[in-house]
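Asker: Right, I'll just put the structure down here and ask away after.
The values are calculated or read from the model by the stated rules, or taken from the named source; none is laboratory data. These figures come from a predicted structure and were not determined experimentally. So basically every Cβ, Gly included, is an ideal-geometry build from the backbone, and we count neighbours across all protein chains shown. Please note that ligands, DNA and RNA were not included when accessible areas were found on the heavy atoms of the full protein model with its side chains. Shrake-Rupley method; radii C 1.70, N 1.55, O 1.52, S 1.80 Å.
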Amino acid sequence: MADSKTKSAVVDTTEHQIAVHWKEEENYKPTAEFIAQANLTDPAINERFAEKNFPQCFEEYADMLTWYKRWDTVLDTNDPPFWKWFVGGKINASYNCVDRHLAKYKNKAALISVPEPEGEDPVTITYQELYIRVNEFAALLRDFAGLKAGDRVTIHMPMLAELPITMLACARLGVIHSVVFGGFSGEACGLRAADSGSNVLIYMDGYYRSGKMIDHKASAEIAVAAAEKEGQKIDKILVWRRHPDKYCSATPMVKGRDFFVDEILKDYRGKLVDPVPMDAEAPLFLMYTSGTTGKPKGCQHRTGGYLAYVTGTSKYIQDIHPTDTYWCMADIGWITGHSYIVYGPLALAATSVTYEGVPTYPDAGRVWRIAERLGVNIFHTSPTAIRMLRKAGAEEPRKYHYNFKHMTTVGEPIEPEVWRWYYNEVGKQKAVIVDTWWQTENGGFLCSTKPAIDLMKPGSAGPGVPGIYPVIYDEQAKEMSAGTGKAGNICIKNPWPGIFQTIWGDRERFVKQYYSKYCKDPKSKKWQDWPYFAADGAVLAADGYFRILGRVDDVINVAGHRLGTKELESACLTVPEVAEAAVVPVVDEIKGRVPEIYIVLRPGYAPSKEITDRVIATLETMIGKIARPKQVHIVPDMPKTRSGKIMRRVLAAISNTLDTGDISTLANPDVVEQIRQVVQGKEKVATKEGPEDLKQFGKEE
Ligand code: WT7
């Protein structure tokens, strides 16, 4: 039981009142060499994008694109919070990322796709080649698959050039693509296909990971079955082959449903397809992400505003020039890949590098060898990958003569210690670092330093990027001032062109989840009354830099990617012996957080390794390997409130050896000690110090 001191602390302290024990880090300056070549060096940007110039300031980004017809209205707020951007404008994303570069850059590399086997050379695709391949595949999608503007198509592919080609071909026709992360299971893919109403799936037969050929087409069969169970029939599966002419999956092709892309493409050689001029507000793609309910939500992104926003931020924050060789190690199946591998860099005519496999395969030097060989000068990755590379070979980068001018970290908070390794070893004390905070819903960066203008501070994302006005509110919607060291909920005061339009097919949930908490007046048509709630905790330092602490909802950030606790729990409950399941985040040295599972068995079943193994296997099949839990604990009962709710915060405390706080109000306080013994053994080791997100986890319940 908690002692009386802890008890009163827990009762009296709400989230925003918790002081964050965190020392101020030193600042780092960009080098003169970086500043001399940077796209954005004029501090007048702050003035141009100040609140008084909103929303017109964002025309600067839209003007970086080529429009068929210019917009009439920059921001339409008539149907809050369903903001509309660049209304009346007509544009095509594929044209902007491909065709318009031909005049100047047709022989320049657009994509360099690096296969995992080191014996296979990188594949370079020039803008001219990209143009031809996007056109041919668009012709196939239109004339063979029967797809047209507004239709949805679900894409489940690995990190090879065929993936951006597929996306750009969809965009050319106005077909809404929904790319499912290649590492997700077939079941996860099928559910997303059903939710989006796709009747065409696009696959690749296989790909290399850690030296092994993965049979990826096998997952298509599972996807079809999962989609059909939800009432969505799949008519066609288009299968790219990793090695054309050689099918590398053991799964049979189904006649009349499955088609090899390389075979069908023969009929579309040299075919050109006019890009379809789309309304600025037409959806460009869906990107599914986890939330607080069991069902992933399809974030619907618009064409014009999204493309303007990722182009502007790629230019100013990523400092991309057409002469740069840019490598973002994210997977295209996540929003980072959409915005900052495909759409942003290609809209700016850069060379965008993709890598098929595991960063540490076949050894810890692989990433640095790729960077050296291709002359990469902008590098973009996550804290998880940085921790992993550091662990695998802290001194490896020294052995290679690559030359980074700019590096990004994204997806989770980065420990100052890890930041310094990134700066000193990977960046060789020359590369500027931007720590970019944002979310799937946001389309592009929300907080980051402007690389040639602002100082860097390890562990802090920085101020809002141009045109983004973040604010920290407490639970009572009171604005929390800078420099108090208190944590609260970070919100964005204003709309911006990259914000998603809605959750596919669920307007109500969109409003409820992101706007209802801090909406000042639901009848108001003024954007000022509709702050966007990001569901992250944050602290604002005296210098105006935001430090992001992590999620305040039931979402676990695993290796920079989101998993909903409810989603994992419903998967566990499909194991027949499992009566109850609760999922909590635990600290992991490499991945930041990973899920840990608690289950209670139905009467008559005894705990066994066989059951825990089956729970793990189920999570992998229903969601994917990313959902693999650190541990599965079979416990006698869940800690519950008197109204029967599972107290996840108590379980999270036990998993992370934190103090469990006040448990006197539980219906069954005695079970806590029993669970603790199952998890930690006899010795009590709880501490009060721990990461803020873990101390907050489950508080709302
Ligand atoms: C969540 C969004 C944005 C693309 C990748 C993840 C966390 C993101 C940072 C950062 C601290 C970060 C937040 C956010 N997050 N970037 N620089 N510092 N935390 O997209 O899967 O939608 O996850 O990732 O908790 O809410 P996502």
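Asker: Please go through (1) out of contact with any Gly (no Cβ under 6 Å at 6 or more places or on another chain); (2) within 13 Å of the ligand (Cβ to nearest atom) for residue 498 and return the number of the only condition it doesn't satisfy.
Answerer: (1)
Asker: Would you mind finding the one in 558, 552 that is at pLDDT below 95, among the hydrophobic types (A, V, I, L, M, F, W, C) and within 15 Å of residue 473 (Cα to Cα)? So that I can check it myself, show each step before the final result.
Answerer: Details: 558 fails: within 15 Å of residue 473 (Cα to Cα).
Going through 558, 552 in turn, the sole match is 552.
Asker: While we're looking at this one, here's another question. Note down all Cβ pairs under 7 Å where the first residue falls in the stretch 642-653 and is under 11 Å from residue 694 (Cβ atoms), the second is in a helix (DSSP H, G or I) and of a type in the set (A, V, I, L, M, F, W, C), and they're at least six residues apart or on different chains.
Answerer: 652/694
Asker: Just to be sure before I move on: is residue 331 within 17 Å of residue 165 (Cβ to Cβ) and within 17 Å of the chain's Cα centre (by Cα) in the structure I sent? Outline the logic, then answer.
Answerer: On the way: within 17 Å of residue 165 (Cβ to Cβ): yes; within 17 Å of the chain's Cα centre (by Cα): yes.
It is true that residue 331 is within 17 Å of residue 165 (Cβ to Cβ) and within 17 Å of the chain's Cα centre (by Cα).
Asker: If residue 600 passes every condition in (1) modelled with pLDDT of 95 or more; (2) surrounded by fewer than 23 Cβ atoms within 10 Å (Cβ to Cβ); (3) among the hydrophobic types (A, V, I, L, M, F, W, C); (4) touching a helix residue (DSSP H, G or I) at 6+ places or on another chain (Cβ under 9 Å) but one, which one does it miss?
Answerer: Evaluating residue 600 over (1) modelled with pLDDT of 95 or more; (2) surrounded by fewer than 23 Cβ atoms within 10 Å (Cβ to Cβ); (3) among the hydrophobic types (A, V, I, L, M, F, W, C); (4) touching a helix residue (DSSP H, G or I) at 6+ places or on another chain (Cβ under 9 Å) leaves (4) as the failure.
Asker: Which count do you get for residues in the stretch 396-413 that are open to solvent by 20 Å² or more (accessible area, probe 1.4 Å) and away from the ligand (no atom under 16 Å from the Cβ)?
Answerer: 7
Asker: Within the stretch 33-72, can you find the residues that are among the charged types (D, E, K, R), closer than 27 Å to residue 84 by Cα and touching a residue at least 12 places away in the same chain (Cβ under 8 Å)? Explain how you work it out, then say what you get.
Answerer: Step one: list which residues in the stretch 33-72 are among the charged types (D, E, K, R), which gives 33, 42, 47-48, 51-52, 59-60, 63, 69-70, 72.
Now drop any that are not closer than 27 Å to residue 84 by Cα, which leaves 47-48, 51-52, 59-60, 63, 69-70, 72.
48, 51, 59, 60, 69, 70, 72, listed by residue number.
Asker: Failed condition for residue 416, given (1) over 20 Å from residue 448 (Cβ atoms); (2) surrounded by fewer than 22 Cβ atoms within 10 Å (Cβ to Cβ), with all others met?
Answerer: In the conditions (1) over 20 Å from residue 448 (Cβ atoms); (2) surrounded by fewer than 22 Cβ atoms within 10 Å (Cβ to Cβ), residue 416 misses (1) alone.
Asker: Which of the strands (runs of 3 or more DSSP E) found entirely inside the stretch 42-136 contain at least 1 residues meeting this: within 25 Å of the chain's Cα centre (by Cα)? Before you say what the answer is, go through the steps one by one.
Answerer: On the way: elements: 73-76, 84-87, 109-114, 123-126.
The qualifying strands (runs of 3 or more DSSP E) are 84-87, 109-114.
To keep it simple, each residue is scored yes or no on (1) open to solvent by 20 Å² or more (accessible area, probe 1.4 Å); (2) in contact (Cβ under 8 Å) with a residue 40 or more places away in the chain.
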site: 84; (1), (2): yes, yes
site: 93; (1), (2): no, yes
site: 103; (1), (2): yes, no
site: 106; (1), (2): yes, no
site: 119; (1), (2): yes, no
site: 126; (1), (2): yes, no
site: 137; (1), (2): no, yes
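Asker: Ok, one more. Can you list residue pairs whose Cβ atoms sit under 9 Å apart, with the first residue in the stretch 526-549 being farther than 20 Å from residue 563 by Cα and open to solvent by 30 Å² or more (accessible area, probe 1.4 Å) and the second being within 12 Å of the ligand (Cβ to nearest atom) and of a type in the set (Ser, Thr, Tyr)? Count only pairs 6 or more apart in sequence or on different chains.
Answerer: 543/460; 547/460
Asker: Another question about this same structure. Go through the stretch 584-636 and report how many residues are within 21 Å of residue 384 (Cα to Cα) and not in a helix (DSSP H, G or I).
Answerer: 19
Asker: Further question: Residue under question is residue 568, and the condition is that it be under 28 Å from residue 333 (Cα atoms), surrounded by 21 or more Cβ atoms within 10 Å (Cβ to Cβ) and within 9 Å of the ligand (Cβ to nearest atom); does it hold?
Answerer: Details: under 28 Å from residue 333 (Cα atoms): yes; surrounded by 21 or more Cβ atoms within 10 Å (Cβ to Cβ): yes; within 9 Å of the ligand (Cβ to nearest atom): no.
In short, no.
Asker: Which condition from (1) under 20 Å from residue 435 (Cα atoms); (2) touching a Gly at 6+ places or on another chain (Cβ under 9 Å) is the one that residue 589 breaks?
Answerer: Only one criterion is unmet by residue 589, namely (2).
Asker: For the condition more than 20 Å from the chain's Cα centre (by Cα) and under 30 Å from residue 296 (Cα atoms), what is the one hit in 442, 494? Show your work before the answer.
Answerer: On the way: 442 fails: more than 20 Å from the chain's Cα centre (by Cα).
That would be 494, the only listed residue that is more than 20 Å from the chain's Cα centre (by Cα) and under 30 Å from residue 296 (Cα atoms).
Asker: Open to solvent by 30 Å² or more (accessible area, probe 1.4 Å), of a type in the set (Gly, Ala, Ser) and part of a loop (DSSP other than H, G, I, E, B): is that true of residue 270 in this structure?
Answerer: Values: open to solvent by 30 Å² or more (accessible area, probe 1.4 Å): yes; of a type in the set (Gly, Ala, Ser): yes; part of a loop (DSSP other than H, G, I, E, B): yes.
Taking the combined requirement at face value, the residue satisfies it.
Asker: Within the stretch 303-311, identify whether any single residue is more than 13 Å from the ligand (Cβ to nearest atom) and without any contact (Cβ under 8 Å) to a residue 60 or more places away in the chain, and answer yes or no.
Answerer: Checked the stretch 303-311: no residue is more than 13 Å from the ligand (Cβ to nearest atom) and without any contact (Cβ under 8 Å) to a residue 60 or more places away in the chain.
Asker: Residues that are over 21 Å from residue 317 (Cα atoms) and among the aliphatic types (A, V, I, L, M): which helices (runs of 4 or more DSSP H) entirely in the stretch 359-429 hold 2 or more of them?
Answerer: Values: elements: 366-374, 383-392, 416-421.
Those helices (runs of 4 or more DSSP H) span 366-374, 383-392.
Asker: Also, quick follow-up: Pick out the one residue from 221, 230 that is acidic (Asp, Glu) and closer than 14 Å to residue 203 by Cα. Walk me through it before giving the result.
Answerer: Numbers: 230 fails: closer than 14 Å to residue 203 by Cα.
It is 221.
Asker: Pick from the stretch 426-445 the residues that are more than 23 Å from residue 514 (Cα to Cα) and open to solvent by 10 Å² or more (accessible area, probe 1.4 Å): which of them is nearest to the ligand (Cβ to nearest atom)? Give the steps one after another, and end with the answer.
Answerer: Going through the stretch 426-445, the residues more than 23 Å from residue 514 (Cα to Cα) turn out to be 426-435.
Then keep just the ones that are open to solvent by 10 Å² or more (accessible area, probe 1.4 Å); that gives 428-430, 435.
Values: 428: 22, 429: 21, 430: 22, 435: 5 Å.
Looking at residues that are more than 23 Å from residue 514 (Cα to Cα) and open to solvent by 10 Å² or more (accessible area, probe 1.4 Å), I get 435.
Asker: Quick one: residue 663 ticks every box in (1) in contact with a Ser or Thr (Cβ under 9 Å, 6 or more places away or on another chain); (2) not in a helix (DSSP H, G or I) bar one, so which box is it?
Answerer: Failing condition for residue 663: (1).
Asker: Inside the stretch 200-243, counting only strands (runs of 3 or more DSSP E) that do not spill past its ends, which hold 1 or more residues that are in contact with a His (Cβ under 6 Å, 6 or more places away or on another chain) and in contact (Cβ under 8 Å) with a residue 12 or more places away in the chain? I'd like the intermediate steps shown before the answer.
Answerer: On the way: elements: 200-204, 206-209, 212-215, 236-240.
Passing ranges, in order: 200-204, 206-209.
Asker: How many of the residues making up the stretch 474-503 are within 25 Å of residue 313 (Cα to Cα) and in a loop (DSSP other than H, G, I, E, B)? Walk me through how you get there before you give the answer.
Answerer: Narrowing the stretch 474-503 to residues within 25 Å of residue 313 (Cα to Cα): 489-503.
Narrowing the set further to residues that are in a loop (DSSP other than H, G, I, E, B) leaves 493-501.
Residues meeting the conditions: 9.
Asker: Another question about this same structure. For the stretch 455-471, give me each residue that is buried (at least 21 other Cβ atoms within 10 Å of the Cβ), within 15 Å of the ligand (Cβ to nearest atom) and more than 21 Å from the chain's Cα centre (by Cα).
Answerer: The answer is 456, 457.
Asker: Hey, among the residues in the stretch 568-592 that are touching a Leu at 6+ places or on another chain (Cβ under 9 Å) and without any contact (Cβ under 8 Å) to a residue 40 or more places away in the chain, which one's nearest to residue 290 (Cα to Cα)? I'd like the intermediate steps shown before the answer.
Answerer: Of all residues in the stretch 568-592, those touching a Leu at 6+ places or on another chain (Cβ under 9 Å) come to 568, 571-572, 577-587.
Next, only the ones that are without any contact (Cβ under 8 Å) to a residue 40 or more places away in the chain stay: 577-579, 581.
Numbers: 577: 26, 578: 23, 579: 23, 581: 18 Å.
Across the stretch 568-592, the extreme among qualifying residues is 581.
Asker: Now a separate question. Checking residue 582 against (1) within 16 Å of the ligand (Cβ to nearest atom); (2) within 29 Å of residue 183 (Cβ to Cβ), which test does it fail?
Answerer: Only one criterion is unmet by residue 582, namely (1).
Asker: Which residues, taken from the stretch 277-297, are open to solvent by less than 10 Å² (accessible area, probe 1.4 Å), more than 13 Å from the ligand (Cβ to nearest atom) and closer than 19 Å to residue 179 by Cα?
Answerer: Within the stretch 277-297, 284, 285, 286 meet the criteria.
Asker: For the stretch 27-41, how many residues meet the condition of being surrounded by 13 or more Cβ atoms within 10 Å (Cβ to Cβ) and in a helix (DSSP H, G or I)? Walk me through it before giving the result.
Answerer: Taking the stretch 27-41 first, the residues surrounded by 13 or more Cβ atoms within 10 Å (Cβ to Cβ) are 27-28, 30-31, 34-35, 37-41.
Then drop every residue that is not in a helix (DSSP H, G or I), which leaves 34-35, 37.
Total satisfying the criteria: 3.
Asker: May I ask you to list the residues in the stretch 319-334 that are open to solvent by 10 Å² or more (accessible area, probe 1.4 Å), closer than 20 Å to residue 301 by Cβ and among the aliphatic types (A, V, I, L, M)?
Answerer: 330
Asker: Pick out the one residue from 556, 611 that is surrounded by 15 or more Cβ atoms within 10 Å (Cβ to Cβ) and within 16 Å of the ligand (Cβ to nearest atom). Step through it out loud before you land on a result.
Answerer: Details: 611 fails: within 16 Å of the ligand (Cβ to nearest atom).
The match here is 556.
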